[in-house]
Ligand code: NAD
């Protein structure tokens, strides 16, 4: 049996179109959603991510403000800018592109972003809401994974879901979201014993390990749903996921490719968060 391929390009494009339509409706009411993106320094990968975020804003009709700051900017100055943006009524979302230079304390900066404008969903207030199943601004990659599964009409409720990886940006939040969707969730990590046995029991496997081809055909059960979050650059320059796609796809019922699976969902969900933040700040719901 060959697995159905979950098309992240198509699903993310659908979500961006939905955001575009809703943004147009908000604008008719005089509300223009606006995202402020702060980039510190000259990291090449971060520059690409920021450019793609701006492009997605243009596509969806969300206004974007861009702040490109010197590598050696002082922590206080960055905090001053965040405070200004926190206080501006016309700015709905604030995103500080990570990683930050070493002399700046990332956690301290993330704490300064007003939770209602935290469109990355990384502020502890929002991660707290996530853990009690009440988050509005959910971390983008994990929320995108849930959309991929739901929009493929795959039932999550009652399923055994195994998440490989426990990072604060993927593993932990996606575990919380799967739990909210009524899966029975097991989280594996670098210290987990007998990981193969645990994965073999999974109806849904989410691989967020950062090791190319970590999940092999003999580790998954027949018919499992396999979501590959990994983006690993190989020595030959090619991209590889955390799943051995070629062989696992012969056994899984559904699988996400790399690229074209989880990857494009992150920015789509960022756009959705900007829209949700703009609505909530204009009386359209609580955050
Ligand atoms: P991370 O390095 O912060 O976390 C990796 C996790 O894997 C850790 O919790 C660790 O305990 C676990 N782990 C490491 N070795 C293991 C082993 N041998 N067995 C079991 N678990 C092990 O990584 P991350 O930030 O969570 O990212 C994971 C992958 O997802 C990376 O490839 C990253 O590039 C990718 N990623 C993709 C997106 C996207 O698609 N937009 C977003 C974020 C991360």
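Each value in this text was obtained by applying a stated rule to the coordinates, not by laboratory testing. Predicted model only: the values in this text are computed from it and were never measured. Because the Cβ atoms are built from the backbone with ideal geometry, glycine has one as well, and the counts that use them run over all protein chains shown.
Summary table below
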{"read-out": "Which numbered condition residue 1 misses (of (1) surrounded by 12 or more Cβ atoms within 10 Å (Cβ to Cβ); (2) closer than 30 Å to residue 222 by Cβ)", "value": "(1)"}
{"read-out": "Complete set of residues in the stretch 223-242 that are within 15 Å of the ligand (Cβ to nearest atom) and buried (at least 24 other Cβ atoms within 10 Å of the Cβ)", "value": "226, 227, 228, 229, 230, 241, 242"}
{"read-out": "Contacts under 6 angstrom Cβ, first residue in the stretch 169-184 being part of a helix (DSSP H, G or I), partner more than 16 Å from the ligand (Cβ to nearest atom), 6 or more apart", "value": "176/131; 180/133"}
{"read-out": "Unmet criterion (only one of (1) surrounded by fewer than 23 Cβ atoms within 10 Å (Cβ to Cβ); (2) without any contact (Cβ under 8 Å) to a residue 24 or more places away in the chain; (3) touching a strand residue (DSSP E or B) at 6+ places or on another chain (Cβ under 7 Å)) for residue 109", "value": "(2)"}
{"read-out": "Filter result (away from the ligand (no atom under 15 Å from the Cβ) and over 20 Å from residue 1 (Cβ atoms)) within the stretch 243-274", "value": "274"}
{"read-out": "Qualifying residues in the stretch 80-106 (those that are over 18 Å from residue 167 (Cβ atoms) and out of contact with any helix residue (DSSP H, G or I) (no Cβ under 9 Å at 6 or more places or on another chain)) - the one surrounded by the fewest Cβ atoms within 10 Å (Cβ to Cβ)", "value": "102"}
{"read-out": "Residues (more than 20 Å from the chain's Cα centre (by Cα) and part of a strand (DSSP E or B)) located in the stretch 31-85", "value": "40, 63, 65, 66, 67, 68, 69"}
{"read-out": "Test: residue in the stretch 6-21 that is touching a residue at least 12 places away in the same chain (Cβ under 8 Å), in contact with a helix residue (DSSP H, G or I) (Cβ under 8 Å, 6 or more places away or on another chain) and not in a helix (DSSP H, G or I)", "value": "yes"}
{"read-out": "From 215, 220, residue being within 13 Å of the ligand (Cβ to nearest atom), over 19 Å from the mean Cα position of the chain (by Cα) and crowded, with 22+ Cβ neighbours inside 10 Å", "value": "215"}
{"read-out": "Residue match in the stretch 278-286 (condition: within 13 Å of the ligand (Cβ to nearest atom) and touching a residue at least 24 places away in the same chain (Cβ under 8 Å))", "value": "no"}
